1. Considering only residues that are under 15 Å from the mean Cα position of the chain (by Cα) and over 14 Å from LEU105 (Cβ atoms), which ones fall in the stretch 48-74?
2. When both residues are 6+ apart or on different chains and their Cβ atoms are under 6 Å apart, which pairs have a first residue that lies in the stretch 2-17 and is surrounded by 14 or more Cβ atoms within 10 Å (Cβ to Cβ), and a second that is in a strand (DSSP E or B) and modelled with pLDDT under 90?
3. Test SER126 against the stated conditions and say whether it is crowded, with 20+ Cβ neighbours inside 10 Å, under 25 Å from TYR16 (Cβ atoms) and touching a residue at least 40 places away in the same chain (Cβ under 8 Å).
4. For TYR104, are the conditions met, namely being buried (at least 20 other Cβ atoms within 10 Å of the Cβ), of a type in the set (Phe, Trp, Tyr), within 19 Å of LEU9 (Cβ to Cβ) and at pLDDT 95 or above?
5. Search the stretch 44-72 for residues being aliphatic (A, V, I, L, M) and touching a residue at least 24 places away in the same chain (Cβ under 8 Å), and hand back the single one that is nearest to SER14 (Cα to Cα).
6. Could you list, in sequence order, all residues of the stretch 68-107 that are out of contact with any Asp or Glu (no Cβ under 7 Å at 6 or more places or on another chain), within 28 Å of ALA23 (Cβ to Cβ) and among the hydroxyl-bearing types (Ser, Thr, Tyr)?
7. Please go through the stretch 73-87 and give me each residue that is out of contact with any strand residue (DSSP E or B) (no Cβ under 7 Å at 6 or more places or on another chain) and within 13 Å of HIS11 (Cβ to Cβ), ordered by number.
8. Is it the case that some residue within the stretch 31-38 is in contact with a Phe, Trp or Tyr (Cβ under 9 Å, 6 or more places away or on another chain), surrounded by 13 or more Cβ atoms within 10 Å (Cβ to Cβ) and either at pLDDT below 95 or among the β-branched types (Val, Ile, Thr) (or both)?
Amino acid sequence: MTSESSRGLVHLKSPYSVFETMARLQDAIRSKGIPILARIDHSGDALRAGLQMNPVQLLIFGNARAGTPLMVASPTIAIDLPLKALVWQDADGAVWLTYNSPEYLLQRHSLPLDLAQNIAAIKAVSEEAVKR
């Protein structure tokens with residue numbers, strides 16, 4: 001299942017756990033030669049603080065070769081770069097992979113369509129991570 005909200009978020013339902021979805025996402029990103037810059041375990045941090053929440057992990061990835069032309073064309077896109085993907089479990093136990101759609105980012109920062117390929121990989125790697 002895929003859905004996109006008016007806020008530019010794409011939600012892909014995953015048949016895997018948060019941990020496995022994140023591992024699959026990392027593998028898909030690495031297979032494209034894209035550097036992984038950080039993995040943030042929000043739920044793990046909450047647990048260390050004595051708080052409870054469903055599993056939530058954020059992956060940050062990208063490279064200067066793809067991102068720099070975008071930031072030259074519109075410096076404000078730096079607020080949304082590097083790219084991010086969120087893997088999370090909802091209250092019903094379903095696992096989701098969420099990211100900002102490239103189209104949304106282009107529109108949000110008034111970028112030309114010819115730069116879309118610089119951020120298009122997020123769709124492919126996300127779909128790869130959740131496919132059976």
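The values are calculated or read from the model by the stated rules, or taken from the named source; none is laboratory data. Just so it is clear, the structure is predicted and the values come from calculations on it, not from any experiment. Because the Cβ atoms are built from the backbone with ideal geometry, glycine has one as well, and the counts that use them run over all protein chains shown.
1. Answer for the stretch 48-74, where residues must be under 15 Å from the mean Cα position of the chain (by Cα) and over 14 Å from LEU105 (Cβ atoms): VAL56, GLN57, LEU58, LEU59, ILE60, PHE61, ASN63.
2. That search, which allows pairs on different chains as well, returns VAL10/GLU4; HIS11/SER3; LEU12/THR2.
3. yes
4. no
5. Ranking the qualifying residues of the stretch 44-72, first place goes to VAL56.
6. Scanning the stretch 68-107 gives THR98, TYR99, TYR104.
7. Answer for the stretch 73-87, where residues must be out of contact with any strand residue (DSSP E or B) (no Cβ under 7 Å at 6 or more places or on another chain) and within 13 Å of HIS11 (Cβ to Cβ): there is none.
8. Initially, the stretch 31-38 is screened for residues in contact with a Phe, Trp or Tyr (Cβ under 9 Å, 6 or more places away or on another chain), giving 34-38.
Checking which are surrounded by 13 or more Cβ atoms within 10 Å (Cβ to Cβ) leaves us with 34, 36-37.
From what's left, either at pLDDT below 95 or among the β-branched types (Val, Ile, Thr) (or both): 34, 36.
Yes, some residue in the stretch 31-38 is in contact with a Phe, Trp or Tyr (Cβ under 9 Å, 6 or more places away or on another chain), surrounded by 13 or more Cβ atoms within 10 Å (Cβ to Cβ) and either at pLDDT below 95 or among the β-branched types (Val, Ile, Thr) (or both).
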